[in-house]
Amino acid sequence: MIRRPLPSFCRRLLSIAFIAFAPVIAIAQTTINYCEAPAAVKEDLKKVAKLYDEDLTYKVRLERQLTMLRELVNKYPGDFFVQRRYQDARLTGFYVDRKPLLAEYRAQMEKNPNDVVAAYLYARLLIGENTKQAIEIEEKLAQQSFPWAHVKLAEIYNYPNFRDPAKLKEHLKQWTAGCPDALDGLSQISRSGDKELMATTAQRLRARLESSTSSDDLVHWDDLWTLEFKLKPVPEHAALRQQIAKDLEKIRAANLGTREWLQTLQSGYKQAGDKTNQRWAEDELIRLMPNSDTARRMVQSRYYDEHPYPKGEATEGEKQAYQQGVVDASSEWVKRWPTDEFAWSSRLRALTQLDKATNADVEAAYKGYATAHDRSGGSYSLPPLEVAVARFYLKRDFKLESIPVLLQKGIAEIEEIEKYRTTSDLYKVNDSVESNVKFVRLESWPMMAEAYARLKQPDKAREVLAQLADIANKKLPETASDPQKRGAAYNQSVYWQAVGKVAEAELRKLDALMAYQTASILRPNPPSAKDELNTNTQRLWKELGGTDQGWSAYLARTEAAKAKVGSAEIATWDTKNTLLPEFELSDLDGRKWTLGDLKGKVAFINLWATWCGPCRAELPYVQKLREQLKDRKDVVVLTLNIDEEVGLVQPFMKEFKYNFPVLLGQTYADGQGVNSIPRNWVVSLDGKIMFEGIGFGSNGEDWMKKATEVIDKVKAGN
């Protein structure tokens, strides 16, 4: 979210027709300065933010903040900054019904037709619901010189469905012209790609920060350094890091001992590449504010940074050692922060994956997690953690009667959350994306059916299988996309595997074998090294008197059947056939790349960021792919980095000894509507994206095999 305000203006009226059949609302200019919150308001809003330094659950903190903000609404009636912060708090969480809020704020606007703040707050709620109407309102407010309308319009014009770089830049210029001293909107300016605006902003910001005596300004040093890195060519980044080191000397000399001061130092040392002092700043924050959210997350994220999950080809022993390490670390976390949901969820996940964990360990961890989760209300998991617990219980044949209850609880939570989720008009509709509810049901119902079968409740088992069949047998349209076809094949595979599990629990082994074989044929992805479906099928085959020779024949038949049913040849890669837009981007050596540099070659382009965990897991294989293909003149492997803080990229590459080309392309990726990474494009000889792969699984060698397949497929013109 971005902020900034404007000087006084003269009084004048303008009508805004909001929607058909709605009353005409007149917006009048006022003499209020919206560029900066009054000092007293700033101080009171700081007290609201101060609750983040206390050891409170999410739910309790939000309730207290809402109480404080309601008091401030009464204390400062009509104040823009208080009203906006209060609206933000009311929009926080997963169970927010926006319809009553829209009605409430619309009524406020209609009751106060001359109030620009009331109109602005209503328009904010329309974004994503009816963004075209929000634009109409904000444009009228902008004409009335209400500065925040420019910030909000710039934000809208950066979303995929409304992206308009020219309008985005124009509104940011209007914002900075109207509120030259305001310190909001910096992130949008940084992402705008407007070098002139970025340079002017950076120059003005540096002048302000170097002369500032206010601790409120500290957080904006990171904005300044980010802007300066983007403005400087990469060969000059070393000199810029020296400048940042000088800035940090002055900041550190102030010795404020506050969270904001330490966070500024921590981010500055990170941008400067000074790991030693970055660690010092983090340690100081943890020492001085041990109960704060910031310190808690810092301890936990540091652990995971220093103990990454083993790579896909790691041994089972290495994976078990990793889970034991998380169990040990989380033991300390739950002692230190007994109500922290993340600490308990980390412990529970690790225990359900640890072979030597006892049933009592998992039961106790789930109880701790459930208590923390119910008290907090600030997060949820997909699938819910109840799924992991149920899978553990089923594997151990433990507390079978509790499994349906656990799974129903997890499903109910996601169903409740989905009630409040609406389709946003800011993004393209992706029909291939399954709903969260459907995903959780597919994860839960097979285990529920198996539990009922083991509990000798066949009617309930068949009832669940019938519900699963409704999903699995849903007919696809003739125009179904590759992801939709893969999804349908996966759903059918899940259903038949569940049928097999129930049949086996009921001692109908031949029925179970046939169901498992059907599931094997239908599933779109090849079996992994430790594959339950493959293991169960082979075990039953032998129990029923099958030989190794017969098993080999079965495998051959399965592969032939897969080809007939048309399972995806290259799983997780989707056909695109769209032109790659023109670009001119610099790499870390300062070389300019354009689309012309790729013509005549198949280009493999990986999109990533230093902060992205799955990207970090994938990049070693991007490096291996480049090494594997480096002698081919018809293929080029390069990457597109979308970090906001581009100064972090070069040290990252050096630390991990990667040498693939890195194009700095955050603004370019924004323009293509990229909203998830890692992502890979395979581009044809004539500049078309032929395949797109999103996400990274756990098996890097399998990823490389598929990447090579799609490259060769595009090279062959198929």
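The values are calculated or read from the model by the stated rules, or taken from the named source; none is laboratory data. If you're wondering where the values come from, they're calculated on a predicted model, not measured in any experiment. Cβ: placed from backbone, ideal geometry, glycine included. Neighbour counts: every protein chain shown.
Observations
- Checking each residue in the range 75-103 for being of a type in the set (Asp, Glu) and either surrounded by 14 or more Cβ atoms within 10 Å (Cβ to Cβ) or in contact with a Ser or Thr (Cβ under 6 Å, 6 or more places away or on another chain) (or both) picks out only Asp79.
- Looking across Leu240, Leu265, Leu248, Leu224, one residue alone is closer than 30 Å to Val334 by Cα and part of a helix (DSSP H, G or I). It is Leu265.
- Enumeration of residues in the range 106-163 that are of a type in the set (Lys, Arg) and either touching a Lys or Arg at 6+ places or on another chain (Cβ under 6 Å) or within 17 Å of Thr422 (Cβ to Cβ) (or both): Arg106, Arg124, Lys132
- Subset of the range 545-574 [in contact with a helix residue (DSSP H, G or I) (Cβ under 6 Å, 6 or more places away or on another chain) and at pLDDT 75 or above]: Trp551, Trp573, Asp574
- For the range 45-74, a tally of residues being over 32 Å from the mean Cα position of the chain (by Cα) and either of a type in the set (S, T, N, Q) or crowded, with 18+ Cβ neighbours inside 10 Å (or both) returns 2.
- Helices (runs of 4 or more DSSP H) fully within the range 445-527 that include at least 3 residues being more than 17 Å from Thr537 (Cα to Cα) and in contact with an Asp or Glu (Cβ under 8 Å, 6 or more places away or on another chain): 482-505.
- For the range 574-631, filtered to residues that are hydroxyl-bearing (Ser, Thr, Tyr) and outside any loop (DSSP other than H, G, I, E, B), the residue that is nearest to the chain's Cα centre (by Cα) is Tyr621.
- The condition (being hydroxyl-bearing (Ser, Thr, Tyr) and either in the same structural domain as Glu655 (by TED's automatic domain parsing) or touching a Phe, Trp or Tyr at 6+ places or on another chain (Cβ under 7 Å) (or both)) is satisfied by just one residue among Thr264, Thr315: Thr264.
- Residues that are part of a helix (DSSP H, G or I) and among the small types (Gly, Ala, Ser), drawn from the range 316-362: Gly317, Ala321, Gly325, Ala329, Ser330, Ser331, Ala343, Ser345, Ser346, Ala350, Ala360
- Candidate set from the range 196-221 (those that are in a helix (DSSP H, G or I) and of a type in the set (Val, Ile, Thr)); member that is farthest from Glu645 (Cα to Cα): Thr200
- Criterion violated by Leu256 - all others in (1) aliphatic (A, V, I, L, M); (2) over 24 Å from Arg349 (Cα atoms); (3) assigned to a helix (DSSP H, G or I) satisfied: (3)
- Test: residue in the range 658-668 that is under 21 Å from Glu709 (Cα atoms), in the same structural domain as Asn606 (by TED's automatic domain parsing), in contact with a Leu (Cβ under 7 Å, 6 or more places away or on another chain) and part of a loop (DSSP other than H, G, I, E, B): yes
- Restricting attention to the range 632-663, the residues that are within 14 Å of Arg191 (Cα to Cα), buried (at least 21 other Cβ atoms within 10 Å of the Cβ) and touching a residue at least 60 places away in the same chain (Cβ under 8 Å) add up to 1.
- The range 300-328 residues that are under 21 Å from Leu348 (Cβ atoms), paired with ones that are among the acidic types (Asp, Glu) (beta carbon under 9 Å, 6 or more apart): Gln300/Asp340; Arg302/Glu282; Pro310/Glu318; Glu316/Asp355; Gln320/Asp355; Gln323/Asp355; Val327/Asp361
- Listing of helices (runs of 4 or more DSSP H) fully contained in the range 93-192 that carry 1 or more residues being over 24 Å from the mean Cα position of the chain (by Cα), more than 25 Å from Gln65 (Cα to Cα) and among the charged types (D, E, K, R): 98-111, 131-143, 165-178
- Residue list for the range 679-718, restricted to those being surrounded by fewer than 20 Cβ atoms within 10 Å (Cβ to Cβ), β-branched (Val, Ile, Thr) and under 27 Å from the mean Cα position of the chain (by Cα): Ile694
- Every condition in (1) surrounded by fewer than 16 Cβ atoms within 10 Å (Cβ to Cβ); (2) over 16 Å from the mean Cα position of the chain (by Cα); (3) outside any helix (DSSP H, G or I) is met by Ser676 except one, and the failing one is (2).
- Taken together, the criteria exclude Ala365 from residues that are touching a residue at least 12 places away in the same chain (Cβ under 8 Å), outside any helix (DSSP H, G or I) and buried (at least 18 other Cβ atoms within 10 Å of the Cβ).
- Residue in the range 484-501 that is more than 29 Å from the chain's Cα centre (by Cα), of a type in the set (Lys, Arg) and closer than 29 Å to Met690 by Cα present: no
- Residue, farthest from Ala134 (Cα to Cα), within the range 61-104, restricted to residues that are free of Cβ contacts under 8 Å to residues at least 40 places away in the same chain and of a type in the set (Val, Ile, Thr): Thr67
- Every residue from the range 436-451 that is closer than 20 Å to Glu416 by Cα and either in contact (Cβ under 8 Å) with a residue 60 or more places away in the chain or touching a strand residue (DSSP E or B) at 6+ places or on another chain (Cβ under 9 Å) (or both): Glu443, Ser444
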